[in-house]
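**Q** This is the structure, below, for whatever I ask next.
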């Protein structure tokens, strides 16, 4: 009797508790991957730094007019990582930059994810129709165009600001996500539960949001994490070319300042090296976490 | 699908993509926030007369449809407009900057793909070996480095501290013969190193993973079962088949030759298309930016076409699909 009740109950588990079980299962697997955990530890550090940055650095610390230390000062007890051309502490700039760089990276990746998921699911779910052909051509076109040339053209037109950098990166990087999601949606579409959902009178919207999306989501999730790494690198590239924000400090703009300030020939390593090292760590961390999730969530890789 | 039709459909695809680029470029610089002149007028104090005159010069006062026809005609005859700053025709500007870029990125692509493929072969063949893990981690770290920053780092070490190489620029035009060549190599070394390091990982990763895929194919087991020596299995059976994806990647990267080194050229003041673009960004010289965008895209489309066609011949299965 006891057992019978148990079974009856387990049949009625809500989709949410089922998803929760899957999620905790994935998390348990993730915890066993060394790469993933190292990446996560690095990320936790930088995210905490980014969140706490307003407490650690005030806007006055970043104001060139209020800088009190001598310019181009090597690391010392006054400024652990020396100062820039205005006499601002490079460490302060780094802490403030963590917030901006992560913000740009994450929002741009989320933007690319939204566009990519929308286009990819629409194309895949309606695979073989005219809509699919059109969306596929559209996606392929964006895949072919050299992203940096397109980004430069877009950024030059839109103007250099933080929001525009995010828009430009999202527009130039959604296409690979769309292709991935389309392939996944195409395979999900063939599964019996989709036909069942349609046969029971579920609308396209219902079928897509309740059945296709949850099954595409794991792939999308891992891809988005990898995309953050790319977005941070893209922001750096745009910043070096002078196309990022002029008013807020990101790791990319610190590098740009060091570059235009001639840090390489003058040997001001403390100005040039730290922002790049931060970028390498964060990009590596996102990549490691992304790969770890990719291995857990995509069956093809798991078998290998 | 016959090979004639395959060829034709690929060419048609390339033409359509190119037309898309042209149209996109047309609207990008006319429909978004304002036309180039409007953008310039916003940042610099132009009188309304200046704006009207410039607009007329650029043909921006014509109806949109007419502008579009004029634009397509211009492009077809190789006219990409004139620089807003110097008045020099954009196609001449691009032409004069082509050589340094092709030299740098062409050599860089050859070096990076050659070394990357070798690393990938070795790592994929002995998966999990020390060589494999080391090269995997190095690829990962190189991938995570912004290439511009890597360039600055090398510049700091080799030029700023050690003074082994010049801080950028191109060979001096006063030199001739061997002296010119030496001067050129002196200036070329660091940008080439940066480019090679930046791209090597991608080739290594692709080659490695296709090696791993191919090793488990039936014909490899057959070759081993026949008693073919390990070395020959690798050289004759695995590598030629595993090389296909890398081959496509290499052909495709040649498409990025023109637009590929914008950041590195900027860092090393290498006077190619990239530096031209950087200067155009800073002076808001929109016709030049447009021109570079068009040329870079056209190169990639062409490379894609070449890759599709050669791939069709190398792997006949593709044509059937």
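**Q** Being touching a helix residue (DSSP H, G or I) at 6+ places or on another chain (Cβ under 9 Å) and within 14 Å of chain A (Cβ to nearest Cβ) is the filter here, so list the residues in segment B:200-233 that pass it.
**A** Passing the criteria: B:201, B:202, B:205, B:208, B:209, B:210, B:211, B:212, B:213, B:214, B:215.
**Q** Residue by residue through segment B:243-271, note down the ones that are assigned to a loop (DSSP other than H, G, I, E, B) and closer than 14 Å to residue A:148 by Cβ. Break it down into steps so the answer makes sense when it comes.
**A** First pass over segment B:243-271, keeping only residues assigned to a loop (DSSP other than H, G, I, E, B): B:256-261, B:268-271.
If the condition is that a residue be assigned to a loop (DSSP other than H, G, I, E, B) and closer than 14 Å to residue A:148 by Cβ, then B:256, B:257, B:258, B:259, B:260, B:261 are the ones that fit.
**Q** Kindly state which helices (runs of 4 or more DSSP H) lie completely within segment A:188-291 and contain at least 3 residues that are modelled with pLDDT of 90 or more, within 11 Å of chain B (Cβ to nearest Cβ) and in contact with a helix residue (DSSP H, G or I) (Cβ under 7 Å, 6 or more places away or on another chain). Show your work before the answer.
**A** Details: elements: A:192-199, A:204-207, A:213-240, A:251-260, A:263-266.
By residue number, A:213-240, A:251-260.
**Q** I'd like the full set of residues that are touching a residue at least 12 places away in the same chain (Cβ under 8 Å) and either in a helix (DSSP H, G or I) or surrounded by fewer than 13 Cβ atoms within 10 Å (Cβ to Cβ) (or both), limited to segment B:45-74.
**A** Answer for segment B:45-74, where residues must be touching a residue at least 12 places away in the same chain (Cβ under 8 Å) and either in a helix (DSSP H, G or I) or surrounded by fewer than 13 Cβ atoms within 10 Å (Cβ to Cβ) (or both): B:51, B:54, B:55, B:64, B:67, B:68, B:71, B:72.
**Q** Another one. Against the definition (surrounded by fewer than 23 Cβ atoms within 10 Å (Cβ to Cβ), touching a strand residue (DSSP E or B) at 6+ places or on another chain (Cβ under 7 Å) and over 15 Å from residue B:101 (Cα atoms)), how does residue B:287 come out, yes or no?
**A** yes
**Q** Considering every residue within segment B:294-313, establish whether at least one is touching a residue at least 60 places away in the same chain (Cβ under 8 Å) and within 19 Å of residue A:237 (Cβ to Cβ).
**A** yes
**Q** Go through segment B:290-306 and give me each residue that's more than 10 Å from chain A (Cβ to nearest Cβ) and crowded, with 21+ Cβ neighbours inside 10 Å.
**A** Scanning segment B:290-306 gives a single hit, B:291.
**Q** Having 3 or more residues that are surrounded by fewer than 20 Cβ atoms within 10 Å (Cβ to Cβ) is the bar; report the helices (runs of 4 or more DSSP H) wholly within segment B:137-238 that clear it.
**A** Values: elements: B:147-154, B:177-215, B:218-226.
It comes to B:177-215, B:218-226.
**Q** Identify all residues within segment B:194-212 that are within 9 Å of residue B:113 (Cα to Cα) and under 15 Å from the mean Cα position of the chain (by Cα); write none if there are none.
**A** Within segment B:194-212, B:196, B:199, B:200, B:202, B:203 meet the criteria.
**Q** Of B:134, B:176, B:196, which residue is more than 14 Å from chain A (Cβ to nearest Cβ) and in contact with a helix residue (DSSP H, G or I) (Cβ under 8 Å, 6 or more places away or on another chain)?
**A** Working: B:134 fails: in contact with a helix residue (DSSP H, G or I) (Cβ under 8 Å, 6 or more places away or on another chain); B:176 fails: in contact with a helix residue (DSSP H, G or I) (Cβ under 8 Å, 6 or more places away or on another chain).
Selected residue: B:196, the only one of B:134, B:176, B:196 that is more than 14 Å from chain A (Cβ to nearest Cβ) and in contact with a helix residue (DSSP H, G or I) (Cβ under 8 Å, 6 or more places away or on another chain).
**Q** Also, I was wondering about something else. Can you tell me which residues in segment B:270-279 are touching a helix residue (DSSP H, G or I) at 6+ places or on another chain (Cβ under 6 Å) and either on the phi > 0 side of the Ramachandran plot or without any contact (Cβ under 8 Å) to a residue 60 or more places away in the chain (or both)?
**A** First pass over segment B:270-279, keeping only residues touching a helix residue (DSSP H, G or I) at 6+ places or on another chain (Cβ under 6 Å): B:270-278.
Within segment B:270-279, B:277, B:278 meet the criteria.
The values are calculated or read from the model by the stated rules, or taken from the named source; none is laboratory data. Keep in mind it's a predicted model, so treat the numbers as computed, not measured. When we count neighbours, we look across all protein chains shown, and the Cβ atoms used for this are built from the backbone with ideal geometry, even at glycine.
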